[in-house]
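The values are calculated or read from the model by the stated rules, or taken from the named source; none is laboratory data. Only a predicted model underlies this, so the values are computations on that prediction, with no experimental measurement involved. Here the Cβ is made from the backbone with ideal geometry for all residues, glycine too, and neighbour counts use every protein chain on show.
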């Protein structure tokens, strides 16, 4: 099937608009941090968390109604309306002077996150089924908007505030973002053609009918992992790097951008893989590798001191001498393993795997009477795991890229199973994914507080990956079990044939 005329142009404009929306959606992660660090506002950690989370939450919640409207009215009026509506609270953010005004504006411009449901539905109807994986993957590359804000935002704020000498200059940043949203709305209005799916004639109850399917919620759980956790880590990795590796904020922001950018760009590749090999096969690979890498990242940066191999007396007797290198018992010397400086400067070198150092320390002194098999020197072991910064960063980039492929694979499922309800189903799946971006940092915080380990956030990733993988595999097994009787019936139809070759040809 040929691609509909104008499909590629529509896809490009959808992707560009989504990129701007995604950049605006995550603006508070940079802006709120800047304002608090420079003491423009004296907000508590809880208030900061809410201001960063509110846009993510509203963007998630509005994805379902945005998807329904797109299926009903078509993507052009909905996308244009969304861009204009969100530009208003974005502009008003420049006049915010307290927590509540900032929160209210954030509530408004957070709807930019719903642009994903609009773009997915509007992009899918322009392409045939065999091309939808690539098309939706290209559209999803707009996630790279997160990296744009992370990379450009700090430099833009530094410029607008004259190197932080005029802090009130931050108010120009929301105005600039609002201007880009309005500009994109104008371009979208004059250069795109509207198109509606067949399901646009259904009433609301009919459009919501697919949400009764368990399959929709299973796809939503996949997206909770590959998208929600991606959004969560896009913000969480900044304090992760600064606390665990003691890097400066600029370096932490750069490394967090390295996590975000490839994940968005590689989504198009994930769409191609889903078209080529099937979305289910791709999801098997995504969930399996997510499980493995999450398990690897759980191991924290650590110094462990534990009991090692000690020395026991071979016979009873009296200790005649004790030195740093040996213990003498009735003329028999027991050599001691001496502690060196192997790990004295371990942090300065590169260590891929854990390294250890063992030594022995005397428990007796000259003149002591000891019995046979009595412990006369205790063993000590020091284990050091560097959790090297660059190894961690590379693995984080890889797992982010894997999730990027997974995002495309999840949305490849939707037009396959719900070809006329992409907006509604895609919107609901997007809601669940967006909620992951809101709730995961909260869970990360509780895990950190409960364990004292920054790496504990990967425990949640391990659990989610395992649940998704097991659930998907059980569904595939049930499908195979249902297909087996049908296959047996086919063989029974040809049981009058004598040879296997004849059966093969006939089947």
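Just checking, does the stretch 435-443 include any residue being over 18 Å from residue 113 (Cβ atoms), without any contact (Cβ under 8 Å) to a residue 24 or more places away in the chain and part of a helix (DSSP H, G or I)? Break it down stepwise before answering.
In the first step, residues of the stretch 435-443 are kept if they are over 18 Å from residue 113 (Cβ atoms); the result is 443.
The next check asks that each one be without any contact (Cβ under 8 Å) to a residue 24 or more places away in the chain; those that pass are 443.
Among the residues that remain, those that are also part of a helix (DSSP H, G or I) are: 443.
Taking every residue of the stretch 435-443 in turn, at least one turns out to be over 18 Å from residue 113 (Cβ atoms), without any contact (Cβ under 8 Å) to a residue 24 or more places away in the chain and part of a helix (DSSP H, G or I).
A quick yes/no check of all residues on (1) out of contact with any helix residue (DSSP H, G or I) (no Cβ under 8 Å at 6 or more places or on another chain); (2) surrounded by 20 or more Cβ atoms within 10 Å (Cβ to Cβ); (3) over 30 Å from residue 275 (Cβ atoms):
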{"position": "103", "(1), (2), (3)": "no, no, yes"}
{"position": "109", "(1), (2), (3)": "no, yes, yes"}
{"position": "132", "(1), (2), (3)": "no, yes, no"}
{"position": "143", "(1), (2), (3)": "no, yes, no"}
{"position": "146", "(1), (2), (3)": "no, yes, no"}
{"position": "161", "(1), (2), (3)": "no, yes, yes"}
{"position": "165", "(1), (2), (3)": "yes, no, yes"}
Task: Selection within the stretch 330-368 - farther than 19 Å from residue 309 by Cα and either surrounded by 11 or more Cβ atoms within 10 Å (Cβ to Cβ) or not assigned by TED's automatic domain parsing to the domain that holds residue 311 (or both) - done: 330, 332, 346, 347, 351, 366, 368
TODO: Working carefully through the options 26, 69, 16, find the one that is at pLDDT below 85 and either out of contact with any strand residue (DSSP E or B) (no Cβ under 8 Å at 6 or more places or on another chain) or over 26 Å from residue 236 (Cβ atoms) (or both).
DONE: 26
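Of the residues 315, 323, 251, which is touching a residue at least 40 places away in the same chain (Cβ under 8 Å) and either touching a helix residue (DSSP H, G or I) at 6+ places or on another chain (Cβ under 8 Å) or not assigned by TED's automatic domain parsing to the domain that holds residue 61 (or both)? Please lay out each step first, then the result.
On the way: 323 fails: touching a residue at least 40 places away in the same chain (Cβ under 8 Å); 251 fails: touching a residue at least 40 places away in the same chain (Cβ under 8 Å).
Going through 315, 323, 251 in turn, the sole match is 315.
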TODO: Among the residues of the stretch 261-284, write down those that are within 16 Å of residue 476 (Cα to Cα) and touching a residue at least 12 places away in the same chain (Cβ under 8 Å).
DONE: 279, 280, 282, 283, 284
- [ ] Go through the stretch 16-45 residue by residue and tally those that are part of a loop (DSSP other than H, G, I, E, B) and in contact (Cβ under 8 Å) with a residue 24 or more places away in the chain.
- [x] 5
TODO: Determine which single condition residue 152 fails, assuming it passes every other condition in (1) assigned by TED's automatic domain parsing to the domain that holds residue 65; (2) modelled with pLDDT under 85; (3) buried (at least 18 other Cβ atoms within 10 Å of the Cβ).
DONE: (3)
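With the condition kept exactly as written, say whether any residue in the stretch 404-418 is surrounded by fewer than 17 Cβ atoms within 10 Å (Cβ to Cβ), over 16 Å from the mean Cα position of the chain (by Cα), touching a residue at least 60 places away in the same chain (Cβ under 8 Å) and closer than 24 Å to residue 280 by Cα. Outline the logic, then answer.
First, the residues of the stretch 404-418 that are surrounded by fewer than 17 Cβ atoms within 10 Å (Cβ to Cβ): 416-417.
Then keep just the ones that are over 16 Å from the mean Cα position of the chain (by Cα); that gives 416-417.
Narrowing the set further to residues that are touching a residue at least 60 places away in the same chain (Cβ under 8 Å) leaves 416-417.
Of the ones still in play, those that are also closer than 24 Å to residue 280 by Cα are 416-417.
Looking for residues that are surrounded by fewer than 17 Cβ atoms within 10 Å (Cβ to Cβ), over 16 Å from the mean Cα position of the chain (by Cα), touching a residue at least 60 places away in the same chain (Cβ under 8 Å) and closer than 24 Å to residue 280 by Cα, one finds at least one in the stretch 404-418, hence yes.
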Task: Matching residues, the stretch 284-309, being exposed (fewer than 15 other Cβ atoms within 10 Å of the Cβ) and more than 17 Å from the chain's Cα centre (by Cα) - done: 299, 302, 303, 304, 305, 306, 307, 309
- [ ] Output the residues belonging to the stretch 382-403 that are out of contact with any strand residue (DSSP E or B) (no Cβ under 7 Å at 6 or more places or on another chain), in contact (Cβ under 8 Å) with a residue 24 or more places away in the chain and either surrounded by fewer than 18 Cβ atoms within 10 Å (Cβ to Cβ) or not in a helix (DSSP H, G or I) (or both).
- [x] 386, 387, 388, 389, 391, 395, 397, 398
